[in-house]
Structures are given as structure tokens and as C-alpha cells.
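Student: Please find one structure pasted underneath; my questions will follow.
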Amino acid sequence: NMLVNECEKTGNVDIKLNGSITNITKKDFGFEVQTANHISYTCNSLVIATGGPSIPKMGASSFGYDVARQFGLSVITPKPALVPFTLNESQLEKLKSISGVALNVVASCNEAKFEEAMLFTHRGLSGPAILQISSYWRDGDNIILDLVPNIDLVNELKNKRALFPKQEIHNVIGHFMPRSVSEFICKELGYKGKIADFSNSMIDEINEKLKNWIVKPNGTEGFRTAEVTLGGVDTNELSSKTFETKKVKDLYFIGEVIDVTGWLGGYNFQWAWSSGNAAGQFV
């Protein structure tokens, strides 16, 4: 509503809906845009603000990339970003008991790391930490998870051993994460018995496992659920001041259709508004 109201204030913005574009032609005076309902529009400047292919059920498509390629611009291969990971069937079968459970983690991959919530799902892993790190993950990479961030686990386990020697190990670890997750981990790693039975070296091993839990996704949920898109129109093709293409005068690209991807938290909206505002000063 805010954007529509701003358009109405100018008195000269005409919004046309349900008019698929079938062809764009560069003319001496600017551009001619033809639509599927046989109506053509002419303009001095043309701004492509069509986004990427993320969440196609909302109308997203690769249209902007097709326009870029039509005019000889380089397009960095689009990939889903800010997207949940999927796991293979054997991994999912093991994780079935904790599907729907969330915990705070530090997720790391390719020198990037994020400390936020992670959610076990019936398809794999999700939650803010996973969405964030997905932008840095590539096929075949491992994800390293610190399941007990900001906790000196070695010291804590030794203290629990001294104070509560008869407590079962999964209950002890359950002080630092959801109990269902601690039970799953202890079963997966073969840890059982009372904390008193765990030597210092075994506690060191537990610490290492929980601070560096390795997961290898088999993929992501794809553009269907990806909040944004990695890749897009190569930034080298555009003026960083005006967003006009260097090869075609009066042709502009703004927002997510460009190869710029932000974190969660409104950064991608900010990029869309800011790049649009910058181009708007020159069109």
C-alpha cells in the first residue's frame, strides 16, 4: 500500500497488470515493449526489476535473465539461497525422532559462520542458522554445527560429574540442549551409562563431537522455498552509481535480478529499495 500510495502521489504512474511481455526491442528513441495481449508500450528508459526465480508460486521467473542475455549481458548462474537443506533417506530416518525440534547452534561452512536457531525437519535442516549458511554452501560441502555454542562443555561436564556422578550421560548433556536431541546424540555416538563412568578423555571426545557435528546435505529445497537467489546479472555489466547497463544506453537492472545477495534480516529488501532509488535518479 505504501508503494502504491507513493505512485499515486506523483500523478503520472500507470500500473498495468496481467500483461505478459513477449518482446523488447531497442529503438533509436528508447525501447518498445510488446505484450501478449497485443498492446505495445514505448519508453525512453527501461528498468528491469523482476527479481530472480525464488518462490515461483508467487510469480517469480527467470524473465530478467532472459532480457539481460538478449542484450548481451553476462549472467552469473542462479542458485537458491537462504534455503533449507535436504538430507538423504538414511539420515532422515535417524533424525525422525527429533523432527520439529529446534536449538541454538553455530553453523559453519567455507569460512562463514552464523549463530542462530536451527530446526530439524522431515526433509532435513532449516531455521535461520541454516538459511544463512546455505548462501555459502556448495554441492558436496559439509556443514559443521556447534550444538552447544558459548558453553565450556568440558568444564561443565566435569562439574556435573563431580556433583551428580550417578546421572545418566544423556540427562547431563540434556542440560545444554533439548532432551530429545541429547538422547539422539548419545544413541548415535554410543554414549550410555552414568557420567561418573566417563573419563576426562571421553569428556574431551564428547566436547569435540558436539562442537563439530558434521552434516553433509544432499541438496537444498531449491527455488520452491528459497527466499532469495544467488547469481544473476553480473555487476560488472552495470554502473555502480546509476545501475544503467554499460552496453545498452537507458537499460537498467535493479534489485534481486542482479548478482547481489544479502543476509536474513531485511538486507535484500534494502538492496531492492536502494538500487531502485539510485536508478530512479537517472532514468
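The values are calculated or read from the model by the stated rules, or taken from the named source; none is laboratory data. Predicted model only: the values in this text are computed from it and were never measured. So basically every Cβ, Gly included, is an ideal-geometry build from the backbone, and we count neighbours across all protein chains shown. Areas reflect the complete protein model, heavy atoms only, side chains present, ligands, DNA and RNA absent. Shrake-Rupley method; radii C 1.70, N 1.55, O 1.52, S 1.80 Å.
Student: For the stretch 180-193, name all the residues that are surrounded by fewer than 14 Cβ atoms within 10 Å (Cβ to Cβ) and not in a helix (DSSP H, G or I).
Tutor: G190, K192, G193 - these are the residues of the stretch 180-193 that are surrounded by fewer than 14 Cβ atoms within 10 Å (Cβ to Cβ) and not in a helix (DSSP H, G or I).
Student: Moving to a separate point now. For the stretch 117-170, how many residues meet the condition of being over 34 Å from the mean Cα position of the chain (by Cα) and either more than 17 Å from K211 (Cα to Cα) or crowded, with 20+ Cβ neighbours inside 10 Å (or both)?
Tutor: Number satisfying all stated conditions: 12.
Student: I would also like to ask the following. Please go through the stretch 260-280 and pick out each residue that is in a helix (DSSP H, G or I), open to solvent by 100 Å² or more (accessible area, probe 1.4 Å) and closer than 12 Å to V228 by Cα.
Tutor: Y267, F269
Student: Considering only the stretch 250-258, I want to know if a residue exists there that is surrounded by 14 or more Cβ atoms within 10 Å (Cβ to Cβ) and free of Cβ contacts under 8 Å to residues at least 40 places away in the same chain.
Tutor: yes
Student: Something else about it: Quick one: what pairs do we get from the stretch 18-46, first residue touching a residue at least 60 places away in the same chain (Cβ under 8 Å), second open to solvent by 40 Å² or more (accessible area, probe 1.4 Å) and part of a strand (DSSP E or B), C-beta under 9 Å, 6+ apart or different chains?
Tutor: Close Cβ pairs (under 9 Å, with a partner that is open to solvent by 40 Å² or more (accessible area, probe 1.4 Å) and part of a strand (DSSP E or B)) amount to K26/E32; G30/T42; F31/T25; F31/Y41; F31/T42; S45/E244; L46/K26.
Student: Out of all the residues in the stretch 112-126, which are in a strand (DSSP E or B) and within 15 Å of V181 (Cα to Cα)?
Tutor: A117, M118, L119, F120, G124, L125
Student: Follow-up. If you go through the stretch 14-48, how many residues are closer than 24 Å to N277 by Cβ and open to solvent by 70 Å² or more (accessible area, probe 1.4 Å)?
Tutor: 7
Student: What are the residue pairs meeting all of these: first residue in the stretch 215-230, first residue under 15 Å from N268 (Cβ atoms), second residue open to solvent by 40 Å² or more (accessible area, probe 1.4 Å) and acidic (D, E), Cβ atoms under 7 Å, and 6 or more apart or on different chains?
Tutor: Once the first residue is under 15 Å from N268 (Cβ atoms) and sits in the stretch 215-230, its partners that are open to solvent by 40 Å² or more (accessible area, probe 1.4 Å) and acidic (D, E) give V228/E256; T229/E256.
Student: Can you find, within the stretch 194-215, the residue that is surrounded by the fewest Cβ atoms within 10 Å (Cβ to Cβ) among those that are part of a strand (DSSP E or B) and of a type in the set (A, V, I, L, M)?
Tutor: By that ranking, first place goes to I214.
Student: Same structure again: Is it true that T245 is in contact with a Ser or Thr (Cβ under 6 Å, 6 or more places away or on another chain), closer than 30 Å to T50 by Cα, buried (at least 20 other Cβ atoms within 10 Å of the Cβ) and of a type in the set (S, T, Y)?
Tutor: For T245, the condition - in contact with a Ser or Thr (Cβ under 6 Å, 6 or more places away or on another chain), closer than 30 Å to T50 by Cα, buried (at least 20 other Cβ atoms within 10 Å of the Cβ) and of a type in the set (S, T, Y) - is not met.
Student: Of all residues in the stretch 216-232, how many are in contact with a Ser or Thr (Cβ under 8 Å, 6 or more places away or on another chain), open to solvent by 30 Å² or more (accessible area, probe 1.4 Å) and farther than 30 Å from I254 by Cβ?
Tutor: Looking only at that region, the number is 1.
Student: Moving on to the next point. Please enumerate the residues belonging to the stretch 224-251 that are more than 24 Å from the chain's Cα centre (by Cα) and either among the basic types (K, R) or assigned to a helix (DSSP H, G or I) (or both).
Tutor: E237, K241, K246, K247, K249
Student: Using the structure shown, decide if M177 is among the aliphatic types (A, V, I, L, M), within 30 Å of W263 (Cβ to Cβ) and either buried (at least 17 other Cβ atoms within 10 Å of the Cβ) or modelled with pLDDT of 95 or more (or both).
Tutor: Yes; evaluated as a whole, the condition is true for this residue.
Student: For the stretch 39-95, give me every one of the strands (runs of 3 or more DSSP E) that falls completely inside it and has 2 or more residues that are under 24 Å from F269 (Cβ atoms).
Tutor: By residue number, 46-48, 75-81.
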